[in-house]
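Report on the structure given below.
The values are calculated or read from the model by the stated rules, or taken from the named source; none is laboratory data. Computed from a prediction, not measured in an experiment: that's the story for all the values here. Quick reminder, even Gly has a Cβ in these numbers, built from the backbone with ideal geometry, and neighbours come from all protein chains shown.
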Amino acid sequence: MLRSRAAVEVVHLGRICFGTAERLQEVFVRRHRERSDAPQHALLLCEHPPVFTIGIRQTPYPPEEERRLRLLGADFRRTNRGGLITFHGPGQLVVYPVLNLTSFRRSVRWYVQQLEELVIRLCGRFGIRACTSPHTGVWVGDNKICAIGIHCGRYITSHGLALNCNTELDWFKHIVPCGIEGKGVTSLSLELGRNVTTEETIPYLLESFRDQFDCDLWSGD
């Protein structure tokens, strides 16, 4: 029997600090747990002020390194997502899908692949040939354009993806992004040779998300 299309609420948060975004994700996660009979999926879209975040795969981060990064003018946060250290900042479209995978497919591996494929779709709409690699995320050649790190508990997802639109890429020079040596980072703006804002990118993101997850989107604003 065919499943009915899931309805996903789109929530535009604007520029918001990382800690506040984490707390809001928990609100939406609890909404799922309290109404397990009627999943209330959400797609949270935002940008963050400069912040370095580390995931649960990260070995204990040296305190002196944390201090060094904070002295650059960025926040530093430990999270429960997968993955290692990365950077979020202005000009980066951060997407937090809070979904109950029982409405889609009960597979975390499938879910991560869907996130990668929707970003590849998005890049294709800009005329950029992006791809996956043995490393999680989406790449243009040897340069990562989108980082992916998720949390999934009882098939309810949080955290998500961070797509470089017109991000100041020099921030990444202070870390080894996602712990991958010898690779670089890129952005939509760098690849296209023009300024591509998060506002320009959002419609492409929503279209790609709708197609990849075969769902209906509605605005909660």
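Quick notes
- Odd one out for Ser133, checked against (1) modelled with pLDDT of 95 or more; (2) within 18 Å of the chain's Cα centre (by Cα): (1)
- Filtered residues of segment 17-48 (kept if outside any helix (DSSP H, G or I) and among the hydroxyl-bearing types (Ser, Thr, Tyr)): Ser36
- Some residue of segment 177-185 being within 19 Å of Leu84 (Cβ to Cβ), in contact (Cβ under 8 Å) with a residue 12 or more places away in the chain and basic (Lys, Arg): yes
- Taken over segment 49-58, the criterion of being more than 25 Å from Tyr204 (Cβ to Cβ) and either in a loop (DSSP other than H, G, I, E, B) or among the polar types (S, T, N, Q) (or both) is satisfied by Gly55, Ile56, Arg57, Gln58.
- The set of residues in segment 141-183 being over 27 Å from Trp110 (Cβ atoms), modelled with pLDDT under 95 and surrounded by 16 or more Cβ atoms within 10 Å (Cβ to Cβ) consists of Ile175 alone.
- The set of residues in segment 173-198 that are more than 16 Å from the chain's Cα centre (by Cα) and part of a helix (DSSP H, G or I) comprises Lys173, His174, Gly179, Ser189, Leu190, Glu191, Leu192.
- Residue within segment 99-109 that is in contact (Cβ under 8 Å) with a residue 12 or more places away in the chain, of a type outside the set (D, E, K, R) and farther than 23 Å from Arg154 by Cβ present: no
- Looking only at segment 59-91, and only at residues there that are assigned to a helix (DSSP H, G or I) and in contact with a strand residue (DSSP E or B) (Cβ under 6 Å, 6 or more places away or on another chain), the one that is surrounded by the fewest Cβ atoms within 10 Å (Cβ to Cβ): Arg70
- Residues that are among the aromatic types (Phe, Trp, Tyr) and in a loop (DSSP other than H, G, I, E, B) occur at least once in segment 147-163.
- Index of the failed condition, Leu99 passing every other in (1) in contact with a Pro (Cβ under 9 Å, 6 or more places away or on another chain); (2) closer than 22 Å to Ser189 by Cβ: (2)
- Criterion applied to His48, His41, His32 was being surrounded by 12 or more Cβ atoms within 10 Å (Cβ to Cβ) and either in contact with a His (Cβ under 6 Å, 6 or more places away or on another chain) or under 30 Å from Asn195 (Cβ atoms) (or both), and the one residue passing it is His48.
- Of the residues making up segment 102-134, those that are farther than 20 Å from Leu190 by Cα, exposed (fewer than 14 other Cβ atoms within 10 Å of the Cβ) and touching a helix residue (DSSP H, G or I) at 6+ places or on another chain (Cβ under 9 Å) are Ser107, Trp110.
- The number of residues in segment 70-109 being among the basic types (Lys, Arg) and within 11 Å of the chain's Cα centre (by Cα) comes to 1.
- Long-range neighbours under 8 Å by Cβ, at least six apart or interchain, first residue over 17 Å from Gln92 (Cβ atoms) within segment 201-221, second acidic (Asp, Glu) and in a helix (DSSP H, G or I): Gln212/Glu117
- The conditions of being under 28 Å from Asn166 (Cβ atoms) and in a loop (DSSP other than H, G, I, E, B) are not met by Gly14.
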